[in-house]
């Protein structure tokens, strides 16, 4: 829920309660006041009547006097409410009445009841209530509308900041450039965020340089190690000790693996640093065929069959090195995690490449297969960076890379979607 | 056969020099761009082995200088792994081949042989090893005059061995030679074994026994004894 919607909800709830209570109070108040007023008028009438009687004049009678009833019998004294039938409109009309006794100079005492219709009073209450409620409702609606408009206006800088943050990409190596809005809080927020992004960029830059330098600087000692180990393997003295040569050979293999690992990590960091700006049209079908041929010996060694379906020629605009790496890693992965006597099936559609191979259900979250150093078996020689590289290349060019396990055919399916 | 080795790293230079020596080459060395430039201007070489990243200049400029002088020298460049652009630029400039550092010394020998063969220096149209005679242009192998039929991979393997006589070839080097260096060597050891078994059998059938020796846990060696 939006912050403003949340606060507005409370305001509206409070206003609604006040509105209801206020309307009730207003009704009761106005009604009381008017009844009191009617009561006073009836009292005045009583005085008039009493004065008339005291002066010895006769009581006014119909048809000159309406709302006055004289009775010889005793009646309950005081105020009362009564419904009387209006002969003209044929409806019951509420009246307020006051009954009192007078003693004319001659004759027995009479009981007089004065009445006043409450119809006008009710109309008045209605008008007053309607006016007041109308004003209150307008106030409430106006406040809500004003709030909405203010949200649009006053919170605009905040939304701008949010948009800038959302589209912020550290890999562009640029700090956030946020304006200084007039609202102090937002200005402060933007300033803090700008500082934060500057620090981030600086740290990231340091890390990147360190990685690049470290990768480059380790390559030379590795090259020396590897070359010297290979020379060491040529020594005739090794033949004296049957255990020495395999040890050296293992060392040699390890050096080679280290150098591969380095290459893969270097490639990953270079993709992340967007250092593959150059692009050229790449014919994916041809690349696929070329790579399959290159991996032929490996397929053969594993006893695997390759099915290649590339009905439509697909041309992508990307860095040739990355295209190479993408296809290579996909195929290599399918070969590596295959079953004896299995197959590798590559389907090149009009806008996707799907490579599948049979294998056991790996279990676990498919997203985790793209994690770095994620291995099928803990003992595997490969560092487990192939799919990470595929994914990074996907991120770089906006390709959708997905993995699925089809339980029906027990197949691993890796799919790269090239754009929509 | 005169070579110029341009490599700025002393330890690597030394080990490269040592590995090239049994090939019967005369190798001169240059430790930086200036030295190398001077040497290619003053002397003629059959092949230049060139590290592209030098402390005082870009190795690609040396390739340019060689080509500008219409030098007949073959050029083999060494590049870092992550510089695909350099590699392509080097080949475009006229380098014959490239090796990505770190490389196998046996691979260097094989590539160097191939360059020399392609350029047909000193009329080296064929390779002789013990009873073997190989005509690389025709991809023909003769054992004591009798033709030997090999598959493409077996032939590649034989040429690789012939480029490195009496050298221990590691499994990694062989695997990467046959499958390309993008392949994890460990994946293809079985496959090497099969190919060696077949090649050996075919040689044996023609009477060329004990040419290929297995170095237990290490790799293979083409033996001249």
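Every read-out reported here was derived from the displayed coordinates using simple, explicitly stated rules and does not represent laboratory data. None of the values given here were measured: they were computed from a predicted structure. Virtual Cβ from ideal backbone geometry, glycine too; neighbours counted across all protein chains shown.
Between residue A:213 and residue B:131, what FRET efficiency follows from the Cβ-Cβ distance if R0 is 35 Å, with the result rounded to 0.05?
The pair residue A:213/residue B:131 has a calculated efficiency of 0.10.
Where does each of A:397-404, B:167-174 land if you order them by average Cβ count within 10 Å, highest first?
So the order, starting with the most tightly packed, is B:167-174, A:397-404.
Looking at the square roots a ≥ b ≥ c of the eigenvalues of the Cα gyration tensor of region B:2-121, which shape do they give, rounded for a/c under 1.5, prolate if a/b is larger than b/c, or oblate?
Because its axes are fairly even, with a/c under 1.5, region B:2-121 counts as rounded.
With each pseudo-label sitting 7 Å past Cα toward Cβ, what's the residue B:224-residue A:339 distance in nm, one decimal?
5.2
I'd like to compare A:362-371, B:203-212: which one has the highest average count of other Cβ atoms within 10 Å, and what's the full order after that?
B:203-212, A:362-371
Starting with the fewest neighbours, write out A:155, A:149 ranked by other beta-carbon atoms found within 10 Å of each beta-carbon.
Starting with the residue having the fewest Cβ neighbours, the order is A:149, A:155.
Can you pull the one-decimal nm distance between simple spin-label points at residue A:166 and residue B:38, each 7 Å off the Cα toward Cβ?
Computed distance between label sites residue A:166 and residue B:38 equals 6.5 nm.
So which residue, out of B:164, B:58, B:70, gets the largest mean-square fluctuation from a GNM of chain B using Cα contacts under 10 Å as springs?
Its mean-square fluctuation being the largest, the pick is B:70.
Can you tell me how much longer the chain between residue A:8 and residue A:70 gets when fully stretched, taken as 0.36 nm per residue apart minus their C-alpha distance, in nm with one decimal?
16.1 nm
Mind ranking A:72-81, B:2-11 by how tightly packed they are, going by the mean number of other C-beta atoms within 10 angstrom, highest first?
Highest-to-lowest ranking by the protection proxy: B:2-11, A:72-81.
Measuring from label point to label point, each 7 Å out along Cα→Cβ, what is the residue B:209 to residue A:402 span in nm?
About 6.3 nm, to one decimal.
Just to confirm the number: angle between the C-alpha axis of helix A:386-397 and the first principal axis of chain A, 0 to 90 degrees, nearest 10?
60
Return the ratio Rg/(2.2 N^0.38 Å) for region B:125-222, where Rg is computed over Cα atoms only.
Computed over Cα atoms of region B:125-222, the ratio equals 1.03.
For peptide A:293-306, compute the average count of partner chain beta-carbon atoms within 10 Å of each residue's beta-carbon.
Across the residues of A:293-306, the mean count of other-chain Cβ atoms within 10 Å is 4.
Pick out which of A:207, A:165, A:88 has the largest mean-square fluctuation in a Gaussian network model of chain A, springs linking Cα atoms closer than 10 Å.
Maximum fluctuation in the GNM of chain A, among the listed residues, is at A:88.
Need the full-extension length gain, residue A:47 to residue A:81, defined as separation in residues times 0.36 nm minus the C-alpha distance. One decimal, nm.
Working it through step by step, the gained length comes to 10.2 nm.
Given the options A:323, A:408, A:182, state which has the largest fluctuation in a GNM of chain A using a 10 Å cut-off (strictly under) for Cα springs.
In the Gaussian network model the winner is A:408.
For helix A:184-232, report the angle its Cα long axis makes with the longest principal axis of the Cα atoms of chain A; keep it between 0 and 90° and round to the nearest 10°.
Helix A:184-232 sits roughly 20 degrees off the main axis of chain A.
If a/c stays under 1.5 just call it rounded; otherwise compare a/b with b/c (prolate if a/b is bigger, oblate if not). Do that for chain B, with a ≥ b ≥ c from the square roots of the Cα gyration tensor eigenvalues.
Prolate shape, in that a/c is at least 1.5 and a/b is the bigger ratio.
Helix B:33-42 versus the longest principal axis of chain B: what is the Cα-based angle in degrees, 0 to 90, to the nearest 10?
The helix B:33-42 is inclined about 80 degrees to chain B.
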